[in-house]
1. What are the pairs with Cβ atoms under 7 angstrom where one residue, in region 139-153, is assigned to a strand (DSSP E or B) and the other, located anywhere, is buried (at least 19 other Cβ atoms within 10 Å of the Cβ) and of a type in the set (S, T, N, Q)? Sequence gap at least six, or different chains.
2. Go through region 138-147 residue by residue and tally those that are touching a strand residue (DSSP E or B) at 6+ places or on another chain (Cβ under 6 Å) and farther than 19 Å from Leu84 by Cα.
3. State which residue pairs qualify: first residue at pLDDT 95 or above and inside region 157-171, second residue surrounded by 17 or more Cβ atoms within 10 Å (Cβ to Cβ) and acidic (Asp, Glu) in any location, beta carbons under 7 Å apart, and separation of 6 or more residues or different chains.
4. Looking at (1) of a type outside the set (Ser, Thr, Tyr); (2) surrounded by fewer than 22 Cβ atoms within 10 Å (Cβ to Cβ); (3) not in a helix (DSSP H, G or I), which is the one condition that is false for Val178?
5. Looking only at region 70-88, decide whether some residue is touching a strand residue (DSSP E or B) at 6+ places or on another chain (Cβ under 7 Å), within 26 Å of Tyr196 (Cβ to Cβ) and surrounded by fewer than 19 Cβ atoms within 10 Å (Cβ to Cβ).
6. Within region 162-211, track down each residue that is in contact with a Leu (Cβ under 8 Å, 6 or more places away or on another chain), within 15 Å of Leu34 (Cβ to Cβ) and among the polar types (S, T, N, Q).
Amino acid sequence: MKKYFHKTPFWLKMLYPDLIWDKKRDSLEKSVYLTFDDGPTPELTQWILTTLESFQMKGSFFCVGNNIEKYPDLYNEMVKQGHLVANHTFNHLNGWKTKTSEYLDNVLSCEKSLLENSSQIFRPPYGKVTRSQIKLLKKAGYQIVMWDVLSGDFDPGVSAKECLEKTIKHTKHGSIVVFHDNVKSASVLKEVLPQYLNFIRKNNYIARIWS
């Protein structure tokens, strides 16, 4: 049984109104926000960058600070190509299992790894963050960006076909869509991402980076 929602339910957004779940849908232009979590990783990051470039689209990469330090060339390539880089903690911490002070210190450590590219945009790993952590992060000036479409590319029980179909089904104007930039997502993402990018292009969506 899945322990996550492909489409974030309305009641969850209502429970956590201080988190950003989607963009306002009052713009006349159809927009979608492509986001990638957990990188950079040598197994997948360069392939994602090349694929996005082939479609002339940009994404927002929520980076783990430890991975930035291990793979600086990949990180610099994200920045060079004009993608947004943002904070995903230094050690991919689960906020529900981490003391608030330790969690905030870990976020700030990742911020140092982002260098001059710091955007004050943050996404909690696993989507798990406590109310006290939210309060301190917002006080520190962070936008906490969640999602309304979770592709499920990380789930070994979800086929590429199901991942693509559900991600397409739930995509709406203003959707924030999550894919993953990690090893366990590689086989599914390499099949899904080009087809999904083709879908948004054919349906006249503009792929925007977060701001």
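1. Close Cβ pairs (under 7 Å, with a partner that is buried (at least 19 other Cβ atoms within 10 Å of the Cβ) and of a type in the set (S, T, N, Q)) amount to Val149/Thr167; Val149/Thr171; Val149/Ser175.
2. 0
3. Cys163/Asp153
4. (2)
5. Scanning region 70-88, I find at least one residue that is touching a strand residue (DSSP E or B) at 6+ places or on another chain (Cβ under 7 Å), within 26 Å of Tyr196 (Cβ to Cβ) and surrounded by fewer than 19 Cβ atoms within 10 Å (Cβ to Cβ), so the answer is yes.
6. Once the filter is applied, which keeps residues that are in contact with a Leu (Cβ under 8 Å, 6 or more places away or on another chain), within 15 Å of Leu34 (Cβ to Cβ) and among the polar types (S, T, N, Q), region 162-211 yields Ser185, Gln195, Ser211.
Matching residues to (1) buried (at least 22 other Cβ atoms within 10 Å of the Cβ); (2) over 19 Å from the mean Cα position of the chain (by Cα); (3) under 18 Å from Trp147 (Cα atoms); (4) of a type outside the set (Gly, Ala, Ser):
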site: Thr98; (1), (2), (3), (4): no, yes, no, yes
site: Val107; (1), (2), (3), (4): yes, no, no, yes
site: Cys110; (1), (2), (3), (4): yes, no, no, yes
site: Leu114; (1), (2), (3), (4): no, no, no, yes
site: Gln120; (1), (2), (3), (4): no, no, yes, yes
site: Ile134; (1), (2), (3), (4): no, no, yes, yes
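The values are calculated or read from the model by the stated rules, or taken from the named source; none is laboratory data. No experiment lies behind these values; they were computed from the predicted model shown. Here Cβ is always computed from backbone atoms with ideal geometry, including for glycine, and neighbour counts include all displayed protein chains.
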